[in-house]
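The values are calculated or read from the model by the stated rules, or taken from the named source; none is laboratory data. Keep in mind the model is a prediction, meaning the values are calculated, not measured. Note that we place each Cβ from the backbone using ideal geometry, even for glycine, and neighbour counts take in every protein chain shown. Heads up: the accessible areas ignore ligands, DNA and RNA and are worked out on the full protein's heavy atoms, side chains in. Shrake-Rupley method; radii C 1.70, N 1.55, O 1.52, S 1.80 Å.
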Amino acid sequence: MNDTLRRRIAAAAGTGGFAFLVYLLTLAPSLDFIDAGELAAVAHTFGIAHPTGYPLFTLLAGVWSWLPLGDGIVRLNVFAALCAALGAGFFTDALWHLLGLKGVKKTGKKKAVHAAMSDSTRLIASVIGALAIAFSRTYWRTALSIEVYALHMLMLALLMWALARLLLAMQDTPSQGSVRRHIVVLALLLGLSFSNHMSTVFLLPALFVLLAVLLRQKLLSARTALTAAGSFAAGLLPYLYLPLRASAHPWLNWGNPESWERFIWHLSGKQYSVWMFSSADAWKKQFANVTSLLPGDVQYVALLAAAVGMIVLIRRNALAGAVLLLLFVTCVVWAAGYEIHDIDSYLLLALAVLGAWTATGIAAITQWLAQTMSVKFRHPAVVGVVFILPLALNAQGVSQRGNYLVEDYTKNMFASLEKHALVFSYQWDYWVSASLYYQAVENFRTDVVVLDKELFRRSWYIEQLRVNYPDVYEQSVDAIAAFEVELYKFEHDLPYDPATIEAAFNRMINSIIEKSYASRPVYVTIEMEQQFAPDFIRVPVGLAFRLYRPDEVPRYEALPFPQLQHRPFASDERLPLALPGMYGSMLLNRAVYAHRAGYYREAVPFFERAAAFVPGDSRLLQWKQRNDQALRSGRMAGDPADVPPQSGEEAEQ
């Protein structure tokens with residue numbers, strides 16, 4: 001092993017190791033929002049995740065979950081941190097190869113090769129560029145809890161590494177033999193990356209340009225093309241997991257991709273197509289959002305080095321410059337077409353390119369300063385620290401240490417439900433996803449049937465209900481079958497009447513509620529619309545509403561209310577910011593219910609607890625004032641003017 005290789009390995013290992021240490025220090029100790037609970041359950045049980053299935057993630061995370069490394073969810077969070085740290089290491093070596101590309105400069109009518117930068121400059125610039133990626137807000141945040149994006153970051157790093165090595169092999173006087181191995185490796189990694197996350201498609205336009213150059217320079221033989229195609233196909237083999245595992249009907253079998261038709265639906269993410277390029281106005285709005293996120297991701301100042309690097313790379317090596325620019329533009333433009341709130345993770349490729357430009361810019365600025373100043377800059381660290389140090393500002397906003405928000409909310413929700421309860425909700429991001437993990441992996445409150453109202457709009461979920469909860473399915477089989485007739489038209493793009501399918505959907509949900517009420521406690525959460533369970537009274541109990549027939553509502557003093565264990569956590573992210581409002585709304589609902597029943601003194605502590613979550617809420621202030629007036633007037637419980645609400649009109653967020 002020569003000295004240069006040892007230094008490269010040390011730099012990559014050091015960068016990845018340092019990133020891993022920081023990630024561990026800021027790691028989430030519990031479940032995160034959105035899909036973390038579902039993905040953790042899928043990993044532990046080898047189930048099927050939401051489209052596009054993420055089979056490579058499922059297999060790797062599933063094997064990792066067997067290792068005796070701490071609690072189940074922490075173990076998977078460490079897996080995310082490890083993937084991201086390995087990505088930082090491979091980004092370091094990818095940038096080393098990228099900075100090794102030789103350019104040309106004009107000298108009169110001739111061209112000469114640019115003077116190569118020193119190994120020291122090249123190495124340290126690579127490390128700094130990789131750190132710019134590793135500690136950008138989105139990359140860092142994604143490394144702290146289980147998600148498919150951590151593995152996607154590692155795959156992007158490997159692809160950038162293979163791409164840089166191919167570009168390096170194409171310079172000077174390349175031959176088909178010298179580039180064949182790099183093409184085959186790149187094709188294999190591309191297939192594997194697709195088997196984890198379909199946003200790998202962002203790379204295709206740039207790779208097609210590279211393919212055209214290879215063909216024009218006669219560097220791609222038919223034999224190499226066939227070998228590369230086979231290598232790409234081999235990378236896609238993890239997708240065989242989906243139909244094979246679905247045939248065993250695991251507890252979580254999203255999409256049930258057992259048949260060819262359902263496999264294609266799952267693979268293509270058909271159910272999410274309504275959010276892709278829905279309108280020009282939606283694209284413009286999301287594009288503005290995307291372009292505002294990126295500068296803050298790298299704390300703005302690194303953009304100067306990145307801008308310099310982009311220009312230098314284009315002038316030095318037109319092919320490499322064009323490929324990276326096309327990667328960046330494709331990522332930003334395509335991501336802007338996806339109309340979802342949490343678009344940050346779809347910008348990882350753009351961040352990787354920014355890191356590459358940053359490394360190139362720092363190396364170029366260092367060389368320029370060394371040539372123009374009397375004091376020679378032997379190392380780019382002096383320059384790089386100016387651009388990288390501000391990334392430390394991300395730490396406070398990114399760190400998830402001490403974040404138990406989802407765990408507390410989910411367990412509080414379960415505490416609100418009696419034994420053997422059935423609950424309808426569509427708070428997927430807050431607790432429904434997490435409930436999958438707690439029930440399937442931790443065996444926590446497995447007596448409760450948790451049903452996501454919105455997922456009933458897909459036939460696979462109805463099939464999962466039949467397999468997992470046959471008693472619930474059978475008692476409403478007629479209403480379910482009637483809805484499935486209309487749902488078939490929708491899923492197969494046949495003409496259908498929206499009003500008819502919606503009416504059948506509502507009848508099915510109400511049938512499940514009504515039939516289940518006879519044998520178990522039934523609950524709905526705060527966002528469930530009033531057309532569901534219209535003949536029932538919604539009584540606020542904890543974080544859910546217990547349903548009662550009008551003549552079966554118990555006296556107020558007989559109604560339970562669990563102690564809500566909430567560990568606050570400061571965050572500027574969308575979902576954590578919304579969570580206090582959900583607690584406050586349910587506490588306010590209980591306070592209003594007590595007030596309307598004439599239990600004014602009993603309402604006071606609920607008003608006070610609600611105020612701790614939503615102190616300035618106008619509804620809270622109005623109802624509290626009304627309750628204070630009732631207390632001062634000495635009105636008695638059971639006043640006929642104040643009875644429990646018949647339509648749940650206070651059940652709002």
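Taking every alpha-carbon pair under 8 Å whose residues sit at least 6 apart, the chain reaches a relative contact order of 15 percent. Per residue, the solvent-accessible area of the chain (1.4 Å probe, heavy atoms of protein chains only, all protein chains present) comes to 42 Å². Dividing the C-alpha radius of gyration of the chain by 2.2 N^0.38 Å, with N its residue count, gives 1.11. Note on region 1-58: Kirkwood radius taken over Cα pairs, Stokes-Einstein applied at 20 °C and 1.002 mPa s, translational D equal to 149 µm² s⁻¹. Note on residue 234/residue 304: beta-carbon distance plugged into 1/(1 + (r/R0)^6) with R0 of 51 Å gives a FRET efficiency of 0.75.
For residue 25 and residue 67, FRET efficiency with R0 = 25 Å and r from the beta-carbon atoms, rounded to 0.05? About 0.75, to the nearest 0.05.
When +1 charges are put on Lys and Arg Cβ atoms and -1 charges on Asp and Glu Cβ atoms, the dipole computed for the chain relative to its Cα centre reaches about 3840 debye.
The peptide list 606-617, 225-236, put in order of mean Cβ contacts within 10 Å with the highest first, becomes 606-617, 225-236. Residues in region 494-509 carry Karplus couplings, in order, of 9, x, 8, 9, x, 5, 5, 5, 5, 5, 5, 4, 4, 5, 5, 4 Hz; the curve used is 6.51 cos²θ - 1.76 cosθ + 1.60 with θ = phi - 60°, and Gly or Pro positions show x. Here the extension length gained between residue 285 and residue 467 equals 61.3 nm, from 0.36 nm per residue of separation less the Cα-Cα distance. For residue 338, the residues whose modelled amide H falls within less than 5 Å of its own, excluding neighbours fewer than 5 places apart on the same chain, are 277.
When both bridge partners sit in the chain, DSSP labels roughly 60% of those beta bridges antiparallel. Need the C-alpha centroid separation for region 422-443 versus region 1-62, integer Å. Using only Cα atoms to place each centre, the spacing works out to 23 Å. By the Kirkwood approach, averaging reciprocal distances over each pair of separate Cα atoms, region 138-234 gets a hydrodynamic radius of 14.2 Å. Scalar couplings 3J(HN,Hα) for region 263-271, obtained by applying the Karplus form with A = 6.51, B = -1.76, C = 1.60 to θ = phi - 60°, are 4, 5, 4, 5, 4, 8, x, 3, 5 Hz; x denotes Gly and Pro.
Note on the chain: dipole from Cβ charges, positive end direction compared against 604, 187, 215; the farthest Cα belongs to 215. Placing dummy labels 7 Å off each Cα toward the beta-carbon, the span from residue 503 to residue 385 is 7.3 nm.
Measuring nothing but how far apart in sequence close Cα pairs (under 8 Å, 6+ apart) lie, relative to its length, region 403-494 scores a relative contact order of 23 percent. Computed from the C-beta positions of residue 519 and residue 621, the FRET efficiency with R₀ = 35 Å rounds to 0.25.
The label point for residue 549 and the one for residue 217, both projected 7 Å from the Cα toward the Cβ, are 8.0 nm apart.
In this simple spin-label model, placing a label point 7 Å from the Cα along the Cα-to-Cβ direction at both residue 13 and residue 226 gives a separation of 4.1 nm. Phi-derived couplings, Karplus 6.51 cos²θ - 1.76 cosθ + 1.60 at θ = phi - 60°, listed residue by residue for region 567-582: 9, x, 8, 6, 7, 9, 7, 4, 6, x, 5, 7, 4, x, x, 6 Hz, with x used for Gly and Pro. Accessible surface of the chain, 1.4 Å probe: 61 percent of it comes from carbon and sulfur atoms. Ranked by the mean number of other Cβ atoms within 10 Å per residue, highest first, peptides 36-43, 354-361, 11-18, 444-451 order as 354-361, 36-43, 11-18, 444-451.
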